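Please treat every number below as a calculation from the coordinates, not as lab data. Computed from a predicted structure; not experimentally measured. Here Cβ is always computed from backbone atoms with ideal geometry, including for glycine, and neighbour counts include all displayed protein chains.
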Amino acid sequence: MAMLAETVDGVIGADTHRDNHQIEIAYPSGAPIATRSFSNDSAGHAEALAWVFEHAPGPRLVMSIEGTRSYGAGLTRAAAAAGIPVIEAEQPTRKTHRGKGKSDPIDAHLAVLFAVGLNVEKLPTPRADGDREALRILLCARQELTTTTTGQINRLRALLRDRGDTDRRLARARLTDTTLASLARRRLARDAPREQAVGHSEIRRLAVALREANRVLNANRAELATIVDDLVPGLTDRPGIGPVSAAQTIVSFSHAGRCRNDAAFAQLAGTSPIEASSGQTQRHRLNRGADRALNHAIHTIAQTGMRCDPTTRAYVVRRRAEGKSKREICRCIKRYIARQLYRTLTTVMTPAIAAPSA
């Protein structure tokens, strides 16, 4: 397996910040050539790339950037547009800094050293932009909306529980759009005491806010479904896969090549089996690490399949007859789902290679 240092003429390391970036040009051995600071804006990115091409030891370059999805996002896009491959450098740890000190030039040099020791077949490439980034934005907005809505529902139920029998029954029931509409249209008697007036006003406000939140969440789900169908047609037609789970899977998968095989994707998803044997007991347990949002999406797909999909339910019955626990069966199903998702996404999202012209 070839190392990155054997395939390039020069390595650029970048330590990114809000206002400026520290960039170092180095030989493949890690020996520095030049280092300089540039502003974190379009003009600074253009100036940095011009400086890199002027001082680079050869045409084959790679840029190692710390924070490609944070302060280094603009530099990452500019470097990719200029034809320089970008890899995502790990943030230096306290152990890495030990004996070296801490400064921007030191961190830029550490980004270079991180890159030169990598295997060319296992480069940590940044996550993709485009529709994948649009999905990520929608999922972040949905998570915020869901968290806010949950708090508002709990507050509304608490207010309803402190009132009459009718309101207490509403607090125990599902808060449908019809129920929320009736709460928002409520009228209060003119001679009602101040406590009841304040509670009534807050109930109406929460009901209106929840109706609007439901409308926004439905629009968010529809937009997710549209983008998912454009990126991976037919993905949501599979058992248990809805627009939200599919969107999270695509966001975590990012692009073909981020995970080298389905085992690596399963490890990213936290669905790879971990040995948990002891003595004469041979077993595996669930992986509780890695990307928890992706793990949650696959868990949702698995639970839906175990309830609704005849094939999955038959598999559960067969494994239970073999003595497997429900948790072990769920682990096996999640690993299978991760394998199938990886194969589907790799097939659909791998760029087609154009045939050479005659």
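Full extension of the segment from Asp41 to Ala290, taken as 0.36 nm per residue of separation minus the current Cα-Cα distance, would add 86.4 nm. Taking the centroid of alpha carbons for each part, the stretch 167-228 and the stretch 4-57 are 55 Å apart. Computed from label points 7 Å out along Cα-Cβ, the spacing between Ala222 and Glu90 is 4.6 nm. Between Ala209, Ala219, Ala321, the Gaussian network model of the chain with springs among Cα atoms under 10 angstrom shows the greatest mean-square fluctuation at Ala321.
For the chain, modelled as a GNM whose springs connect Cα atoms under 10 angstrom apart, the maximal fluctuation among Gly130, Gly257, Gly74 occurs at Gly130. For the stretch 100-259, the dipole from Cβ point charges (+1 on Lys and Arg, -1 on Asp and Glu) about the Cα centre works out to 980 debye, to the nearest 20.
For the chain, the dipole from Cβ point charges (+1 on Lys and Arg, -1 on Asp and Glu) about the Cα centre works out to 2680 debye, to the nearest 20. Determine the shape class of the stretch 237-349: with a ≥ b ≥ c the square roots of the Cα gyration tensor eigenvalues, call it rounded for a/c under 1.5, and otherwise prolate if a/b is greater than b/c, oblate otherwise. Verdict is oblate for the stretch 237-349.
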